[in-house]
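Encoded as structure tokens, the structure appears first; notes follow it.
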Amino acid sequence: MDYRKIITIDPKVRSGQPCVRGLPITVTDVLGCLESGMTADEVTAKHMELSREDVIACLQFAVNDGQH
């Protein structure tokens, strides 16, 4: 999977923060959920528009682009 196809940056969405598929859910939002102890399944239950692949893309983005 190429996380760059999932993580988008648009100045009109959440002030240009890296988001998931143009949704107003940022990489930081997803990472915050994971840091609080939520599992990927719990994150996708909380944000029903997200998939496990989206959560993985956020993690890959954080590792590859230094976001956290």
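What follows is calculated from the coordinates using simple rules that are stated; it is not laboratory data. As the structure is a prediction and not an experimental result, all values here were calculated from the model. Here the Cβ positions follow ideal geometry from the backbone for every residue, glycine too, while neighbour counts run over all protein chains shown.
No other residue among 45, 57, 62 is in a helix (DSSP H, G or I), aliphatic (A, V, I, L, M) and out of contact with any helix residue (DSSP H, G or I) (no Cβ under 9 Å at 6 or more places or on another chain) apart from 45.
Can you find, within the stretch 1-34, the residue that is farthest from residue 46 (Cα to Cα) among those that are touching a strand residue (DSSP E or B) at 6+ places or on another chain (Cβ under 8 Å) and not in a loop (DSSP other than H, G, I, E, B)? Break it down into steps so the answer makes sense when it comes.
Keep residues of the stretch 1-34 that are touching a strand residue (DSSP E or B) at 6+ places or on another chain (Cβ under 8 Å), which gives 6-10, 13-14, 17-22, 25-27, 30.
Add one more test, that the residue is not in a loop (DSSP other than H, G, I, E, B), and what stays is 7-8, 14, 19-20, 26-27, 30.
Details: 7: 19, 8: 20, 14: 19, 19: 16, 20: 14, 26: 14, 27: 15, 30: 10 Å.
In this case the residue turns out to be 8.
Looking across the stretch 1-51, the residues that are among the charged types (D, E, K, R) and under 10 Å from the mean Cα position of the chain (by Cα) come down to 21, 29.
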